[in-house]
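Reviewing the structure listed below.
The values are calculated or read from the model by the stated rules, or taken from the named source; none is laboratory data. Not measured: the values here are computed from a predicted model. Quick reminder, even Gly has a Cβ in these numbers, built from the backbone with ideal geometry, and neighbours come from all protein chains shown. These accessible areas exclude ligands, DNA and RNA; they are computed on the full protein's heavy atoms, side chains included. Shrake-Rupley method; radii C 1.70, N 1.55, O 1.52, S 1.80 Å.
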Amino acid sequence: MTTTTGTTVTTTTAGAAGTTALEARFAIARQVADAVLFEGYVLYPYRASAAKNRLRWQFGVLVPPAWAPAHEEHCLQQTEILMEPKGNATLAVELRFLHTQRRTVQQARPDGSFTEVTELHLDDRVLVPWDEGTEERVEMTVDVADLAGEGVRVPVTRPAREETEDVHDADGRTVGRLLRRTENIDAVVRLRASELDCAYRAWKLTAVVENTSAWTPDESGADRDAALPRSLVAAHLLLGLDKGSFLSMTDPPEWAKGAVADCVNRQTWPVLAGEPGRADVVLSSPIILEDHPGIAPESIGAMYDATEIDEILALRTAALTDQEKREARGTDPRAAAVIDLAESMPPEVLERLHGAVRGLREITDPDIPVDAPTGLEPFDSQAVFRPDTPWWDPAHADPVDHAREPVLVDGAPVGVGSRVLLRPGLRRSDAQDLFLHGRSARIEAVLHDVDGGVHLAVTVEGDPGADIRREQGRFLYFQPDEVTALDETEPSDDVSPPEDT
């Protein structure tokens, strides 16, 4: 596969690209793409020492090919989606990912040299070693016509680099420095499209992002931390058509359902992005989203934990101790920004995070005045039908005590106090139940649910906590077909494995 003559390729680092048509078209989609890019980047409590922050980079990681097979990770992702280009349409593609840079902390010595340390204490923060993520962006445009056949191949390279940053105390004296090292990354983006054999001018677009690094683990057996700096982290694509539209993968038109089913997406999933109602932009993400995903307008900013609620994160972050906040600020600039955000949040902003009603906006017509006549009769609370007897009244409940009512097990009646042999079946049991197979137990209650099912509350014989279970009413529950009746003298020596019947 070779780069087609009509293809224009631009490689930039985030922030270097100017205002372009591509920027304008992707602006709304990039709000969600940013959340994908930094999902799980640094989790609450935003400190490097937190256990949850010691295993980093979970989504969209494309590792070097030599590392992938033996560690069940992936070196490529593939996006396939249908599109309907018009005329001489142009496809815009933006590959975005994080490039891991390893930060070490060094302390200044009296002789002017530096020595590596695990912590460097400053007045407002505690600097610690950390893997930072720098945003990388690769932009390209290609005529859709050039994607036929073998398509185009766009190489991507990010060279290794090393840089230092002096660290100063409150008096401006140099007390240390941060050393950042970034490894080389080599990758390739392959684009091709084939026209469908149907009544419409539709194409299947295939976009592959692959890590092509030649790095191999050394003989000592490098761990994941050695592979990550050479990996594309949180890799995803933005795709845009200047003329035409893409088809939804979850709600395609009837004529396209078969072709959509034939699309193969690996380690990524494409959804329509941008403004609702438009279909000219696609976000292909390692996290499964719905069409036209959006950031809640109440969100106060990036908090790097999209599986949590902003209100909870803000409250918990504000409640951290001063020492914890110092460590969080020293962990990462983005973590420091979260701490500052939580501390400076006005009460009215926090109140806004408490919740929002969105359903009324979809069913209420803003053009109809609130006091407009509806044609309905005024509500008469006295006209509502009220039965003489409520559906359940404790004063008139069934006087039968079901908890002590016996049930039949293999034709023999068992009830409260009866001994039974536990024989839980595989289909309805969890691991705890299976460990009790063959043990004898006593029935503490016979319970009936609203669907007519019967459940036996039991305590296991020989369980030293049986008295506590009785006192608290915390029993184990089995159904009648999972027990066998025992008499008072019969031992419980049946420990054969359960049968899946």
*State the percentage of accessible surface on region 295-347 attributable to carbon and sulfur atoms; use a 1.4 Å probe and exclude ligands, DNA and RNA.*
56 percent
*Output ³J(HN,Hα) for region 432-441: one whole-Hz value per residue in order, computed from phi by the Karplus curve 6.51 cos²θ - 1.76 cosθ + 1.60 with θ = phi - 60°, and x for Gly and Pro.*
4, 4, 5, 5, 8, 4, x, 8, 8, 8
*Which lysines have a Cα less than 23 Å from the Cα of LYS325, not counting those fewer than 8 places away in the same chain?*
LYS52
*At a probe size of 1.4 Å, how large is the accessible area of ILE288, to the nearest 10 Å²?*
140 Å²
_What's the ranking of 415-421, 318-324, 330-336 by average number of surrounding C-beta atoms within 10 Å, highest first?_
330-336, 415-421, 318-324
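Can you send over the carbon and sulfur percentage of the accessible area for region 64-191, probe radius 1.4 Å, protein chains only?
On the way: 2490 of 5610 Å².
Answer for region 64-191 is 44 percent, counting heavy atoms of protein chains only.
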_If I take R0 = 30 Å and measure r between the Cβ atoms of TYR200 and GLN31 in this structure, what FRET efficiency does the formula 1/(1 + (r/R0)^6) give, to the nearest 0.05?_
0.45
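Keeping all protein chains in place, calculate the accessible area per residue for region 100-154 (probe 1.4 angstrom), answer in Å².
Numbers: 2450 Å² over 55 residues.
Each residue of region 100-154 exposes 45 Å² on average to a 1.4 Å probe.
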*asked:* Place a point 7 Å from the Cα of THR250 along the Cα-to-Cβ direction; which residues of region 88-121 have their backbone N under 14 Å from it?
replied: none
*Grab the Cα-Cα distance for PHE435 and THR157, subtract it from 0.36 nm times how many residues apart they are, and report the gain in nm with one decimal.*
94.6 nm
*Once label points are set 7 Å from the Cα along Cα→Cβ at both ALA222 and GLU165, what is their separation, rounded to one decimal in nm?*
2.5 nm
*Heads up, I need the accessible area for ILE287: 1.4 angstrom probe, whole protein in place, Å², nearest 10.*
40 Å²
*Counting only residues 5 or more places away or on other chains, whose amide H sits under 5 Å from the amide H of LEU486 once H atoms are built in the peptide plane?*
ARG419, VAL420, LEU421
*Under Karplus coefficients 6.51, -1.76 and 1.60, residue-wise ³J(HN,Hα) of region 45-61 in Hz, glycine/proline x*: x, 6, 10, 4, 6, 5, 4, 5, 9, 8, 10, 9, 6, 9, 10, x, 8
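Rounded to the nearest 0.05, what FRET efficiency do LEU447 and ASP487 have when you use their Cβ-Cβ distance and R0 = 25 Å?
Numbers: r = 24 Å, r/R0 = 0.94.
After rounding, the FRET efficiency stands at 0.60.
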_Among 227-240, 107-120, how do they line up by average Cβ neighbours within 10 Å per residue, starting with the highest?_
227-240, 107-120
*Report the accessible area of HIS448, computed with a 1.4 Å probe over the heavy atoms of all protein chains in place, in Å² rounded to the nearest 10.*
80 Å²
_Euclidean distance between Cα centres, region 235-305 to region 163-183, Å_ = 42 Å
